[in-house]
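Comments concern the structure below.
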Amino acid sequence: MEIIKNLHSYLAYVVLAVLVIAVINAIAGWLGKKDFTMQKDLRVSLFALILSHIQLLVGLLLFFTSTNGLKAIQTLGMGGLNAPARLLAVEHPFINIIALVLITIGWSRHKKFMESNKKFKTISIFYGLGLLLILSRIPWGQWFA
């Protein structure tokens, strides 16, 4: 259990860094009117997508096995969760699933465009929204404690 929790925590740093790089790269490409390249731009976006999905799988495993996830809801009920417990058991998983859906939509939509500008814009918007949602529901107080 502790291994899964540590993996989820440490992998989060990597995922956040790669997502930030992917968003900055897409915004720079969009605003700089650059060509979307397979060598760099596609790989950065794909790497962010893959790492985000791996993090989601580890997080779901943690949700179903940890006392802070589903077991907390089953034991205390939704009304019995205090704010920190609700963040871990409900808000963090729910919002991050929505964030991953947005990132996945961004990946799928960018492939439909031939123009580099539209590819970069799509990735900027969807990956950026996903990143903002993820940042909004990180249990910062528990993460740095």
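Evaluation of Gly106 against the conditions (1) on the phi > 0 side of the Ramachandran plot; (2) touching a Ser or Thr at 6+ places or on another chain (Cβ under 8 Å) shows that the sole unmet condition is (1). Of all residue pairs spaced 6 or more apart or on separate chains, those with beta-carbon atoms under 8 Å, a first member in region 96-114 that is more than 14 Å from Ser45 (Cβ to Cβ) and outside any loop (DSSP other than H, G, I, E, B) and a second member that is among the basic types (Lys, Arg) and modelled with pLDDT under 95 are Asn96/Arg137. Considering (1) under 21 Å from Lys111 (Cβ atoms); (2) crowded, with 16+ Cβ neighbours inside 10 Å; (3) at pLDDT below 95, the lone condition that Arg86 does not fulfil carries the number (1).
Residue count for region 39-51, restricted to those that are touching a residue at least 12 places away in the same chain (Cβ under 8 Å) and either buried (at least 19 other Cβ atoms within 10 Å of the Cβ) or under 21 Å from Leu129 (Cβ atoms) (or both): 8. Taking the listed residues Phe94, Phe63, Phe36, the one that is touching a Ser or Thr at 6+ places or on another chain (Cβ under 6 Å), closer than 29 Å to Ser108 by Cα and either surrounded by fewer than 13 Cβ atoms within 10 Å (Cβ to Cβ) or of a type in the set (Phe, Trp, Tyr) (or both) is Phe36, with no other qualifying. Of all residues in region 47-59, those satisfying the criterion of being under 14 Å from Val101 (Cβ atoms) and among the hydrophobic types (A, V, I, L, M, F, W, C) are Leu49, Leu56. When Gly130 is tested against (1) modelled with pLDDT of 95 or more; (2) over 17 Å from the mean Cα position of the chain (by Cα); (3) crowded, with 18+ Cβ neighbours inside 10 Å, exactly one condition is not met: (2).
The values are calculated or read from the model by the stated rules, or taken from the named source; none is laboratory data. Only a predicted model underlies this, so the values are computations on that prediction, with no experimental measurement involved. As a convention, Cβ positions derive from the backbone with ideal geometry for all residues, glycine included, and neighbour counts pool all protein chains shown.
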